[in-house]
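The values are calculated or read from the model by the stated rules, or taken from the named source; none is laboratory data. It should be emphasised that the depicted structure is a prediction, and the values quoted were computed from it without experimental measurement. Quick reminder, even Gly has a Cβ in these numbers, built from the backbone with ideal geometry, and neighbours come from all protein chains shown. Areas reflect the complete protein model, heavy atoms only, side chains present, ligands, DNA and RNA absent. Shrake-Rupley method; radii C 1.70, N 1.55, O 1.52, S 1.80 Å.
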Amino acid sequence: MIVGVGGQGSLLASKLLGNLLVSENYDVKVSEVHGMSQRGGDVMSALRISDQPIASDLIGLGSADLIISLEPMEALRYLQYLKKDGWVVTSNVPFVNIPNYPAEEELNNHLAALPNCVSLNVEQLAKDAGAPLQAANMVLLGAAIPMLDIEFEKIEAG
């Protein structure tokens, strides 16, 4: 799953990853929820990927191998979909878009308690690399490469 807040580029990231995987002869099914995406609301893309035919684009509770999140609260919102041994790769930079947004320390404590979590400041990493803030989604995809089981060169070419 690739999740975030409208405007962060999670839908673009899922499209790029999906196109790359199709070009590598994987069967890919994508489902998106983005009704509030233009207003800073919750955005989610579910990608089912296999080297065998896939019948459905839905990801059931407890069955996601990986959650890639451009926003820490969104990572926690979708944890119910993650497998017990699944991974979370997330930005640790909050996008405060609601009045009762949790404290940053509380979010970080929840993320730190996860057994398989990579949490990083993708916005700063994009800036340090000389890329614009809008490239944070690509930084996050780069951080998820080890969990995708796809060679770096194929991702880079895609």
Looking only at the range 54-75, which residues are out of contact with any Gly (no Cβ under 8 Å at 6 or more places or on another chain) and either outside any helix (DSSP H, G or I) or open to solvent by 40 Å² or more (accessible area, probe 1.4 Å) (or both)?
Ile54, Ala55, Ser56, Asp57, Leu58, Ile59, Gly60, Leu61, Gly62, Ser63, Ile68
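Can you spot a residue in the range 133-150 that is of a type in the set (S, T, N, Q) and open to solvent by 80 Å² or more (accessible area, probe 1.4 Å)?
Yes; the residues of the range 133-150 include at least one that is of a type in the set (S, T, N, Q) and open to solvent by 80 Å² or more (accessible area, probe 1.4 Å).
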Where residues in the range 79-109 are among the charged types (D, E, K, R), under 23 Å from Ala46 (Cβ atoms) and without any contact (Cβ under 8 Å) to a residue 24 or more places away in the chain, which of them is most open to solvent (accessible area, probe 1.4 Å)?
Lys84
Filter the range 125-153 down to the residues that are under 15 Å from Leu70 (Cβ atoms) and touching a residue at least 24 places away in the same chain (Cβ under 8 Å) and list them by number.
Gln134, Ala136, Asn137, Met138, Leu140, Leu141, Ala143, Ala144
Inside the range 43-76, can you point out the residues that are touching a residue at least 60 places away in the same chain (Cβ under 8 Å) and under 18 Å from Gly9 (Cα atoms)?
Leu66, Ile67, Ile68, Ser69, Leu70, Glu71, Glu74, Ala75
